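Comments concern the structure below.
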């Protein structure tokens, strides 16, 4: 079978999605299934919808168009602020845009007018992680501006935490967002339908006994795909962490020293060689490189050590194991490695149900 390849267990993804969606539903929180790490995979998107996701969430208009072309008719949210150069495509194919710039809202309104089609906006609020969002002091002015835009519906408020600087989406942050929602409604005489509290990093808070306040949506990707929460990398109870397996083929195998020899300079990607000399060891090259995945995010369960990678090669210390050329090695992945593997044109995708 062709390699490198991702073996994708749709049944395990469905289980993860159903479990999390059910638990959050009991707390009054809906789930938007994030497909951005999967290059907008229609197969995975369908499992999320079947599991009960209220919408899909994407960051690239190309992926949204791919989902529409595959026949997905559910609500799709554009969760990265659209580019002005793409507002017409966004209005044509997405139902909701998450926006943090007034100029982008203006562009979406102009596109909606051209298409004579209503488009919804969620205003993103900056609560400390310093990635995207309107500062709370500027929020009322932004709301007033958006409410006056033709063919634009202000659907709600959202926040993103734990991405840029690791600021946790804890109870105090969620209370702050709830308070802002209440303040906006009172000041402007409106009802905000959607208060989107964040991503998979919110699960520590959402699965606790803390009150949810106004938060009624989370955008879940990593927790469904990998069965882990991002804040600490812990497995979520009852979820599968092996829905994705990256398989690659051995192209060289033999006994080599652990120390290079000759004049030392930087490697192709700036690394310097290791200092420890462990003597001769079984050294394996796998046909997998940085064009395929993030080697730092690979997890190998046979006790082998990943020594490094270049564009096309992954170097492994197999200890005392002798591995035949042509055999395959299997890896689990963290979120970074999964994203890179799913979006690499060199990695085949093998969807399975068992």
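The values are calculated or read from the model by the stated rules, or taken from the named source; none is laboratory data. As the structure is a computational prediction, the values presented were derived from the model and not from experiment. Cβ atoms come from the backbone with ideal geometry, glycine included; neighbour counts cover every protein chain shown.
Would a scan of the range 214-221 turn up a residue that is assigned by TED's automatic domain parsing to the domain that holds residue 36, within 30 Å of residue 311 (Cα to Cα) and buried (at least 16 other Cβ atoms within 10 Å of the Cβ)?
The answer is yes, given that some residue of the range 214-221 is assigned by TED's automatic domain parsing to the domain that holds residue 36, within 30 Å of residue 311 (Cα to Cα) and buried (at least 16 other Cβ atoms within 10 Å of the Cβ).
Look at residue 97 and say whether it is in contact (Cβ under 8 Å) with a residue 40 or more places away in the chain and either assigned to a helix (DSSP H, G or I) or touching a strand residue (DSSP E or B) at 6+ places or on another chain (Cβ under 8 Å) (or both).
No; evaluated as a whole, the condition is false for this residue.
So residue 138 fits all but one of (1) part of a loop (DSSP other than H, G, I, E, B); (2) over 25 Å from the mean Cα position of the chain (by Cα); what number is the exception?
The failed condition is (1).
Restricting to the range 19-50, and then to whatever is farther than 24 Å from residue 344 by Cα and within 18 Å of the chain's Cα centre (by Cα), can you tell me which residue is surrounded by the most Cβ atoms within 10 Å (Cβ to Cβ)?
20
Restricting the search to the range 59-86, which residues are within 18 Å of residue 111 (Cβ to Cβ) and either modelled with pLDDT under 95 or assigned to a helix (DSSP H, G or I) (or both)?
Result: 61, 62, 64, 65, 68, 84, 85, 86.
Within the range 130-140, which residues are touching a residue at least 24 places away in the same chain (Cβ under 8 Å) and over 20 Å from residue 82 (Cα atoms)?
Result: 136, 140.
For residue 149, are the conditions met, namely being in contact with a helix residue (DSSP H, G or I) (Cβ under 6 Å, 6 or more places away or on another chain), assigned by TED's automatic domain parsing to the domain that holds residue 222 and not in a helix (DSSP H, G or I)?
Yes.
What number of residues within the range 22-58 are part of a helix (DSSP H, G or I), touching a residue at least 40 places away in the same chain (Cβ under 8 Å), farther than 22 Å from residue 332 by Cβ and touching a strand residue (DSSP E or B) at 6+ places or on another chain (Cβ under 6 Å)?
Going through the range 22-58 one residue at a time, the tally reaches 1.
Can you name the residue in the range 163-179 that is assigned to a loop (DSSP other than H, G, I, E, B) and closer than 25 Å to residue 120 by Cβ and is also modelled with the lowest pLDDT among such residues?
Once the filter is applied, the top-ranked residue is 163.
Kindly establish whether residue 92 is in a helix (DSSP H, G or I) and not assigned by TED's automatic domain parsing to the domain that holds residue 343.
yes
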